[in-house]
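Only one structure is covered here, and it is reproduced in the block below.
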Amino acid sequence: MIQTEQSTTSSLLECAKKSVLFTANRPPIVMERGEGMYMWDTDGNRYLDFVGGWAVASLGHSPSALQKALTSQAATLVHASPGYYNRPMIEFAELLTSVSGMDKAFFASSGAEANESAIKLARKHGTVNLNGAYEIITLTNSFHGRSLATMSATGKTVWKDLFSPKVDGFKHVPINDLDACFAAVTNQTCAIMIELVQGEGGVHSVDESYLYGIRKICDMYGIMLIFDEIQTGLGRTGKLFACEHYGIQPDVMTLGKGIGAGFPLSAMLAKSKFDLFEPGDQGGTYTGAPLAMAVGYAVLTELLERNLAANAKTQGNYLISKLKELTSELSISHIRGKGLLLAFDTPAGTATELAAICQREGLLINSLNSSTIRLVPPLIVSQQDIDTMLGILRKAFKQLSTC
């Protein structure tokens, strides 16, 4: 066994190669600590973080609100079992439903679990109210998680045959194509599930008229409308929830990532008419655990008190304007997104190399594919942070082998 405090980065990486199951191509660095907008590796290198743990570090790294909530609740009650109410669960559910306009909350640990809960609730709705309807319409290029059911719901082409046979009952239609969605509806349709901004799919937003049409279809046929706001919720897009940009509410909403600011936490919110589960239909050992609930309450309170959704809007607009200025000197195109969920395109085949160069220069950005960069910094980001990021980005572009 290695002693972490005395270990070199090379020995840690050797240990990782030996004992950590391979699931991702990770760079040869080991992150050790974080504070605010920055992380440091075991060699002492500092990184300005515009990945934000994949939109998770909403309050930045190691925020004091999270530390205080964990310390206080850990000294009070860590776990009570899902068979009992606990005070933080009730307090967090009340706050979350009050600010979202939803009525009921179910808590889990990951976005995939929240979406799996929504899928189960949709099929329960189909069983109870729609003569056994079970099909769910989702969008091509969408991403809903990595459980077997949520991978089946996901519209990524590369996943089509992965882990077959998939869970049956999902239809995929193109984003912003209302005719295609309407054509996919049958008497077996129980729900339509969409991301308002496809984060993993390249940061593409739904159109307002399209979403209005989807809402009308669901109302017309009694179909459940699910908004997957795992990535877009809790201030990320410049509103507390992305659906506020459209003035349209779902029947069910899923939340994750930024809801715990780094602590594993997710939620499924539903309108009262869809409070359909019977005992045993849904649950989990860690659902609604006091420690997670205290964290969620503290994070949401901090987001509201500091009005970080407004900061996401302000800083996102500033970042977009600066990226547009850079198009005159750098090969950047198709700048898009809302708030601090942004992306831009680079010349074909360069995005991965660009992200690697930025990392070496002390900046973390996310290459979604070979020609798309996604920017999802913590919601506490400042104009100065953005200026620093843009300076490193400009420097990195000059080092690209193909530009």
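The values are calculated or read from the model by the stated rules, or taken from the named source; none is laboratory data. This one's a predicted model, so the numbers in the text were calculated from it and none came from an experiment. With ideal geometry, Cβ positions are generated from the backbone for all residues, glycine too; neighbour counts draw on all protein chains shown.
Some values worked out for this structure:
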item: Filter result for the condition that a residue is assigned by TED's automatic domain parsing to the domain that holds Asp281 and within 19 Å of the chain's Cα centre (by Cα), over Ala112, Ala24; result: Ala112
item: Elements of type strands (runs of 3 or more DSSP E) in the range 1-102, at least 2 residues being among the charged types (D, E, K, R); result: 31-35, 46-49
item: Residue match in the range 296-303 (condition: assigned to a loop (DSSP other than H, G, I, E, B) and in contact with a Ser or Thr (Cβ under 9 Å, 6 or more places away or on another chain)); result: no
item: Top-ranked residue of the range 72-109 - restricted to ones that are of a type in the set (Val, Ile, Thr) and under 26 Å from the mean Cα position of the chain (by Cα), ranked as nearest to Phe263 (Cα to Cα); result: Val78
item: Candidate set: the range 30-40, residues that are within 27 Å of Leu308 (Cβ to Cβ) and in contact with a Ser or Thr (Cβ under 7 Å, 6 or more places away or on another chain); chosen: the one surrounded by the fewest Cβ atoms within 10 Å (Cβ to Cβ); result: Glu35
item: Positions within the range 106-161 being without any contact (Cβ under 8 Å) to a residue 40 or more places away in the chain and among the hydroxyl-bearing types (Ser, Thr, Tyr), in sequence order; result: Thr127, Thr140, Ser147, Thr150, Ser152, Thr154, Thr157
item: Residue count for the range 383-403, restricted to those that are surrounded by 15 or more Cβ atoms within 10 Å (Cβ to Cβ) and either under 21 Å from the mean Cα position of the chain (by Cα) or not in a loop (DSSP other than H, G, I, E, B) (or both); result: 9
